[in-house]
Each structure stands twice: as C-alpha cells, then as structure tokens.
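Asker: This is the structure I have questions about; it appears just below.
The values are calculated or read from the model by the stated rules, or taken from the named source; none is laboratory data. A quick note: this is a predicted structure, and the numbers were derived from the prediction, not measured. Using ideal geometry, Cβ is built from the backbone for each residue, glycine included, and neighbour counts are taken over all protein chains shown. When the accessible area is computed, the model is the full protein with side chains, heavy atoms only, and any ligands, DNA or RNA have been set aside. Shrake-Rupley method; radii C 1.70, N 1.55, O 1.52, S 1.80 Å.
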Amino acid sequence: MKSFIEYCRQGYPISAGDDLHNLLVQCSEEAQKLTMRLNTSFHTREEIVEVFSELTGKEVDSSFMCFPPFHTDFGKNISIGKNVFFNTGCSFQD
C-alpha cells in the first residue's frame, strides 16, 4: 500500500483497467463499506477507533473521537494523531 500511495503522490497516471486502477477501486469500495458501517448505527468510542484504524490502515490512538457521520473516498492517506476530534459531517477527499 505504501508504494502505491507514493506512486500516486509522485503524480504518475493510473489508467482504467490496469492493476493500480483496480487497487484504487478496491480501496474506495472498502472505504465506502467502512464509512457506511460507521454512519448507520451507534458505536462506542473504542469501536470508532477500531473502524478508523481499519479505514486508514494505521493504528489510531485511543484518544481519537469522531461524531459521525464521516465520509471519505479512500482513507489510506489519512493520518490521525493524539487528541484529535472530528465533528459531525466531516468529509475528507484523500
């Protein structure tokens, strides 16, 4: 995943139908599933931290707090530090 993100940051094109495009679509669909799960029922703070850890592919500190709904189109470019709060309706295009 890190090499894919670095490839994108360098501005290289991704063509429809190639392996990188398929990976991009797969990650986007995963982000949609995770944000749908997050936004359609109640979750404890601990569960929200777990969802965001899965969404970002990185461990999220237990001090993180989010009031859903939250939306993102990818998720893997998001990094969350300590004592971070996302208010309701937050949306990231990453």
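Asker: What's the Cα-based Rg to Rh of the chain, Rh via Kirkwood?
Answerer: Rg divided by Rh gives 1.00.
Asker: Would you please give the residues with an amide H less than 5 Å from that of THR72, counting only those at least 5 places away or on a separate chain, with H modeled from the backbone geometry?
Answerer: For THR72, whose amide H was placed from the backbone, the distant partners under 5 Å are PHE92.
Asker: At 1.4 Å probe radius, can you tell me the per residue accessible area of the chain in Å²?
Answerer: Heavy-atom accessible area per residue stands at 64 Å².
Asker: Using amide H atoms built 1.01 Å from N in the peptide plane, name the residues 5+ places from CYS66, or on other chains, whose amide H lies under 5 Å from its own.
Answerer: Correct list: PHE86.
Asker: I would also like to ask the following. Applying the Karplus parametrisation 6.51 cos²θ - 1.76 cosθ + 1.60 with θ = phi - 60° to the phi angles of the stretch 4-13, what ³J(HN,Hα) value in whole Hz is obtained for each residue in order, glycine and proline being reported as x?
Answerer: The phi angles translate into 5, 5, 5, 4, 5, 5, 7, x, 6, x Hz.
Asker: At 222 nm, what value in deg cm²/dmol follows for the chain if DSSP H runs of at least 4 each add -39500 (n - 2.57) and the sum is divided by all its residues, to the nearest 500?
Answerer: Roughly -14000 deg cm²/dmol at 222 nm, from the helical runs in the chain.
Asker: Something else about it: Summarise the accessible area of the chain (1.4 Å probe, protein heavy atoms) by the percent that is carbon and sulfur.
Answerer: Details: 3180 of 6060 Å².
Answer for the chain is 52 percent, counting heavy atoms of protein chains only.
Asker: Then there is this: Are there GluC sites (Glu not before Pro) in the chain that DSSP marks as loop and that have at most 14 other Cβ atoms within 10 Å, and which are they? Present the calculation step by step, with values, prior to reporting the outcome.
Answerer: Numbers: sites: GLU6, GLU29, GLU30, GLU46, GLU47, GLU50, GLU54, GLU59; in loops: GLU59.
In loop regions of the chain (DSSP not H, G, I, E or B), the sparsely surrounded GluC sites (Glu not before Pro) are GLU59.
Asker: Which ³J(HN,Hα) values, rounded to whole Hz and listed in residue order, are derived for the stretch 87-94 from phi using the Karplus coefficients 6.51, -1.76 and 1.60 in 6.51 cos²θ - 1.76 cosθ + 1.60 with θ = phi - 60°, glycine and proline given as x?
Answerer: Using θ = phi - 60°, the values come out as 7, 4, x, 5, 9, 10, 10, 10 Hz.
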